[in-house]
Amino acid sequence: MKKLFLIICIIFLGISASAQISTLLEKGKSGIGIKGIYETSNSFYGFGGKIDGSVAGKLDIEFIYENRYWDQAKNNLLKADATSAYYEGRLTWWFIRKEVIPSFDVNFGVLTSVDYSPFKNYMYAGGTDGKDTYSEYYLDGQIGLVSSVVFQVEKNWFIEPAFSIQYEFGKIQESVQNEKRNSSSTGVTSKIGLSIMKRFTTGSAIYLTTEQYMDTYGPYPFYQFSLGYILPL
């Protein structure tokens, strides 16, 4: 159960790339962006950032780094200073970007990503063979679909509700008395989000995003809040 709970938490973490900048740029425009991230769940919290780019408003390329802090009591850990890093690379191709009516666009895309999360001091008792277990890292791959609609509510203000669903397959490595042990997991995760953006006369923009994630593994949601800036090229 302990290993399953850890896998569930990290699967949530593997979908933190959000508010891809292609859909927030004018159609056909390239650009780059940066974003600060805060995330929280019932068992951890974390901070991080993202650098991403859009090629002709069709292809998003994203790189993410985050640092997370795990609650000792809620995770039944033996140490109070358990942390983990998180690295992700992601590609999203928007095969449909269409203006349905003036000030109302729809977007559909496919995504693929790889992420890696090494742990530090994440140790719990009663694992395999009843011995103390160290979690060392988690490696995950994803493929899925993403969609959004963009409303222009004022001259320079936009709202973007978004939804995504993806299939994930991963591996976690643990250590029990210096013996390496691997296990795998698969699952489906969905995300709903809302971005609010202000675009300036130069074409640059600032946006705020809030999101909730749900999966097939358990009842607990995961939340992320982020603030980003976009610069067109």
Given labels modelled 7 Å from the Cα in the Cβ direction, how far is it in nm from F108 to N182? 3.7 nm
Computed FRET value (nearest 0.05) for I96 with L194, which takes r as the C-beta separation and R₀ as 35 Å: 0.95
Which lysines, on any chain, are close to K79 with Cα under 18 Å apart, when same-chain ones fewer than 8 places away are left out? K2, K3, K120, K131
Which FRET efficiency, nearest 0.05, do N42 and L231 yield, Cβ-Cβ r, R0 30 Å? 0.25
Going by the alpha-carbon gyration tensor, a ≥ b ≥ c the square roots of its eigenvalues, is the stretch 136-193 rounded (a/c under 1.5) or, if a/c is not under 1.5, prolate (a/b greater than b/c) versus oblate? prolate
If you count only protein heavy atoms with a 1.4 Å probe, what accessible area per residue comes out for the chain, rounded to a whole Å²? 46 Å²
Considering only C-alpha atoms, what is the centroid distance from the stretch 66-84 to the stretch 151-174, in Å? 27 Å
With a sphere of radius 10 Å drawn around the Cβ of E211, what net charge do the other residues whose Cβ falls strictly inside it have (Lys, Arg +1; Asp, Glu -1)? 0
In the neighborhood of I196, defined by Cβ-to-Cβ distances under 13 Å, what is the net charge if each Lys or Arg adds +1 and each Asp or Glu adds -1? -1
Checked against the positive end of the charge dipole of the chain (+1 on Cβ of Lys and Arg, -1 on Cβ of Asp and Glu, about the Cα centre), the farthest of T83, G170, S148 is S148
Proximal lysines to K58, defined as alpha-carbon separation beneath 20 angstrom and excluding residues fewer than eight positions away on the same chain: K27, K29, K35, K50, K98
Under the rule of -39500 (n - 2.57) per DSSP H run of 4 or more residues, summed and divided by the residues of the chain, what mean residue ellipticity at 222 nm is obtained, to the nearest 500 deg cm²/dmol? -2000 deg cm²/dmol
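Counting only protein heavy atoms, what percent of the accessible surface of the chain is carbon or sulfur at a 1.4 Å probe? Show your work: numbers first, answer last.
Details: 7000 of 10810 Å².
The computed percentage sits at 65.
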Cα→Cβ-extended label distance, 7 Å offset, between K27 and D132, nm: 6.1 nm
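In nm, what is the difference between 0.36 nm times the number of residues separating Y223 and N76 and their Cα-Cα distance? Before the final figure, lay out each step's value.
Working: separation 147, 0.36 × 147 = 52.92 nm, distance 2.17 nm.
Length difference between fully extended and current span is 50.7 nm.
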Find how much the distance from A56 to I34 grows on full extension, using 0.36 nm per residue of separation minus their present alpha carbon separation; answer in nm with one decimal. 6.2 nm
In Å and on Cα atoms, what radius of gyration and Dmax does the stretch 98-152 show? 21.2, 63
What net charge is computed for the residues neighbouring E99, neighbours being all others with C-beta under 13 Å from the C-beta of E99, Lys and Arg scored +1, Asp and Glu -1? +1
Answer label, with Kirkwood radius over Cα pairs in Å calculated from the coordinates and candidates [x] 19.4; [y] 22.7; [z] 18.4: [z]
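The values are calculated or read from the model by the stated rules, or taken from the named source; none is laboratory data. Please read all numbers here as calculations on a predicted model, not as lab measurements. Neighbour counts run over all protein chains shown; Cβ positions are idealised from the backbone, glycine included. All accessible areas refer to the heavy atoms of the entire protein, side chains included, with ligands and DNA or RNA removed. Shrake-Rupley method; radii C 1.70, N 1.55, O 1.52, S 1.80 Å.
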